[in-house]
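Chemist: Sharing a structure with you now.
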Amino acid sequence: MNLKQRITIDPEICHGKPCIRGMRWPVEVILDLLGSGMSVEDILEDHKELEKEDILASLHFAKLSLSGQMVKDVA
């Protein structure tokens, strides 16, 4: 998965937190929604601007971050 297409980091957006495609959707918010029990389908239905690949990229980004691996594909 090419995270650079889905996860962006811009100091001008959400204080430089990793976000979905330059939008004001931090990865941590996607993880919070999933953690609250919402399904991928629920999230996509409520937020039409998001795509399934955005949610999968958020999970992949979190996994890489927690594993201690460098997340090189995000800039």
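Chemist: So the check is Cβ under 7 Å with 6+ separation or different chains; which pairs have a first residue in segment 31-46 that's at negative phi and modelled with pLDDT of 95 or more and a second one that's part of a helix (DSSP H, G or I) and charged (D, E, K, R)?
Modeler: So the pair list comes out as Val40/Lys52; Leu44/Lys52.
Chemist: Looking only at segment 48-57, decide whether some residue is more than 12 Å from the chain's Cα centre (by Cα) and either touching a residue at least 12 places away in the same chain (Cβ under 8 Å) or under 17 Å from Asn2 (Cβ atoms) (or both).
Modeler: Here is the first cut: in segment 48-57, the residues more than 12 Å from the chain's Cα centre (by Cα) are 48-49.
Still in the running and either touching a residue at least 12 places away in the same chain (Cβ under 8 Å) or under 17 Å from Asn2 (Cβ atoms) (or both): 49.
Yes, segment 48-57 contains a residue that is more than 12 Å from the chain's Cα centre (by Cα) and either touching a residue at least 12 places away in the same chain (Cβ under 8 Å) or under 17 Å from Asn2 (Cβ atoms) (or both).
The values are calculated or read from the model by the stated rules, or taken from the named source; none is laboratory data. Because the structure is a prediction, the values reported are computed rather than measured. Glycine gets a Cβ as well: all are built from the backbone with ideal geometry, and neighbour counts include every protein chain shown.
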